[in-house]
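Engineer: One structure is given below, represented as structure tokens, and several questions about it will come after.
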Amino acid sequence: MSAHTGGTRERTAELRALREQVRRGPSEKATEAQHAKGKLTARERIELLLDPGSFREVEQLRRHRAVGFGLEAKKPYTDGVITGWGTVEGRTVFVYAHDFRIFGGALGEAHATKIHKIMDMAIAAGAPLVSLNDGAGARIQEGVSALAGYGGIFQRNTKASGVIPQISVMLGPCAGGAAYSPALTDFVFMVRETSQMFITGPDVVKAVTGEEITQNGLGGADVHAETSGVCHFAYDDEETCLAEVRYLLSMLPQNNRENPPPVESSDPDDRSGQALYDLVPADGNRSYDMRAVIEELVDDGEYLEIHERWATNIIVALARLDGHVVGVVANQPASLAGVLDIEASEKAARFVQMCDAFNIPLVTLLDVPGFLPGVHQEHGGIIRHGAKLLYAYCNATVPRVSVILRKAYGGAYIVMDSQSIGADLTYAWPTNEIAVMGAEGAAGVIFRRQIAEAADPEAMRERMVKEYRAELMHPYYAAERGLVDDVIDPAETRNVLIRSLSMLRGKHAELPHRKHGNPPQ
């Protein structure tokens, strides 16, 4: 018995030594090379992402079985990807992390199978999935087996969409078909200088088009955060990036069957927002920063803005009201006067869909003069892109409360979660102007003949503008017709929102049975 026990101890010691070897990675030289690029190792990243000591690895000792091109002589453990689960603030989170030190993080058959398994586990367990991406794409030596591995990832990304939160953290290169997995997930984080995403790299671009461009110029964090909209968050270093991933996870539910976790709030629900009187000018032609309004309304002035640098004429953010998570959609008068255009419509539509999928109530703050006019917008498909936002709001079954601060003109007013498309409650400030269009434009259309025939056309125009504004654009016109539920004191907006959302917390809305809708593209 003792000899048998001694054998087990020896074998267990071998196991511990093997695990320690695997944890250290292929070599000190490979680790130094990773650090020299300003990048952390896969395990260092996991340690930053998850609560200390919570990570449980899956298939640590997996090795590939491929032969040819020298692969049979090089069979490292983990096969270049670390998979498992742990916790973030005590809640389960699944993770996979490419290990660039092994085959450059390239995806082979065994590598892909590990990712498939952890994705299936995340879906089955109903917990978020975070991918830490730092890989060189498909492992060319394994041919189409590697490409098929990507197909399995894409299929699972789609299956998990709207079921569990999926977050992609780009910490190195991501080229070719590999870029489609992050694009299928809910949120994409990038780190400046070290992470890039593109379908075809600079060399191919030069060969085909003759254009010369760097990797960062083609697909770096700033490009995707400002120009393409592929990236939701961009940071200067990995530590900050992973800390923000943790913060985002704290605002999301585990899955689509749960609500986001509430927290105790020390910010009084009846706190008066006197500052709002001065933050928002009554003159609709004067600009202001909507972020200041959001800070005044939400708990402790804290919110997480998404797509902060893309389509800046609209703001989408996660925040808390009385400790409960809400999604905020707000026009931004400080950028393009807050008009809706193609990119703003797409940005807001995707955010509304995400909030609806994960049971996050929507608060919409309106100050919108309309859709951006122009040939470029029309030829670019503003009709179908604007319809995406309309579709997203109409399809959303979460509690929806909107507040009209100032302008709400034309189709843009209807699209921005008006009562007519299903907002549960609609409030307006006494500075609101709800109309088909601005008074100047409306008067010019309605009273064109009178103005043209007048002895003093300009004086007649001014008179007609005042008449139109007095008849159809006074603050209580919409309230008198039941198009808004109440005209409220701006200082009471926070309290009104909190009480309204509290009442709506038990909302249950059914959509017609269908396989899925066919949203505008």
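Engineer: Take the Cα coordinates of segment 317-441, assign each an equal point scatterer, and use the Debye formula without solvent to give log10 I(q)/I(0) at q = 0.11, 0.13, 0.14, 0.18 Å⁻¹.
Structural biologist: Log10 I(q)/I(0), no solvent term: -0.34, -0.48, -0.56, -0.92.
Engineer: Please get the size of the charge dipole for the chain, origin at its Cα centre, with Cβ charges of +1 on Lys and Arg and -1 on Asp and Glu, quoted in debye to the nearest 20.
Structural biologist: It works out to roughly 2320 debye.
Engineer: Also, quick follow-up: In nm, give the distance between the simple-model label positions of residue 502 and residue 458, each being 7 Å from the Cα along the Cα-to-Cβ direction.
Structural biologist: For residue 502 paired with residue 458, the spin-label model returns 5.5 nm.
Engineer: 7 Å from Cα along Cα→Cβ at both residue 30 and residue 265: what's the point-to-point distance in nm?
Structural biologist: Between residue 30 and residue 265, the label points sit 4.9 nm apart.
Engineer: Give me the percent of accessible area attributable to carbon and sulfur for segment 218-340, probe 1.4 angstrom.
Structural biologist: C and S atoms contribute 45 percent here.
Engineer: Follow-up. Which values of log₁₀ I(q)/I(0), to two decimal places, follow from the Debye formula for the chain at q = 0.06, 0.07 Å⁻¹ with a uniform point scatterer at every Cα?
Structural biologist: After summing over all Cα pairs, the log10 values are -0.36, -0.47.
Engineer: Can you tell me the Rg and Dmax of segment 236-385, counting just the alpha carbons, in angstroms?
Structural biologist: Radius of gyration, then largest Cα-Cα span, for segment 236-385: 16.6, 50 Å.
Engineer: Among the DSSP beta bridges whose two residues both lie in the chain, what percent are antiparallel, rounded to the nearest 5?
Structural biologist: 40 percent
Engineer: Something else now. Using only the Cα atoms, work out Rg/Rh for segment 58-185, with Rh taken as the Kirkwood radius, to two decimals.
Structural biologist: 0.96
Engineer: Using every alpha carbon pair in segment 7-98, what percent of pairs falls into each 10 Å bin from 0 up to the bin containing the largest distance?
Structural biologist: With 10 Å bins starting at 0, P(r) equals 14, 38, 35, 11, 1.
Engineer: Can you divide the C-alpha Rg of segment 465-521 by 2.2 N^0.38 Å and report the result to two decimal places?
Structural biologist: Computed over Cα atoms of segment 465-521, the ratio equals 1.79.
Engineer: In whole Å, what is the distance between the alpha-carbon centres of segment 103-178 and segment 383-423?
Structural biologist: Cα centroid of segment 103-178 versus Cα centroid of segment 383-423: 35 Å apart.
Engineer: Follow-up question, since we're still on this one. Roll a 1.4 Å probe over the protein chains and send me the accessible area per residue for the chain in Å².
Structural biologist: I get 46 Å² per residue for this part.
Engineer: Hey, another quick one. Per DSSP H run of n ≥ 4, the term is -39500 (n - 2.57); total these for the chain, divide by its residue number, and report the mean residue ellipticity at 222 nm rounded to 500 deg cm²/dmol.
Structural biologist: -11500 deg cm²/dmol
Engineer: Please report the net charge: other residues with Cβ closer than 12 Å to the Cβ of residue 501, K and R +1, D and E -1.
Structural biologist: Net of charged neighbours comes to +3.
The values are calculated or read from the model by the stated rules, or taken from the named source; none is laboratory data. Treat the numbers as computed from the prediction; the structure is a model and nothing was measured. Positions of Cβ are generated from backbone atoms using ideal geometry, with glycine treated the same way; all protein chains shown enter the neighbour counts. Ligands, DNA and RNA are stripped out before the accessible areas are found, and what is left, the full protein with its side chains, is counted by its heavy atoms. Shrake-Rupley method; radii C 1.70, N 1.55, O 1.52, S 1.80 Å.
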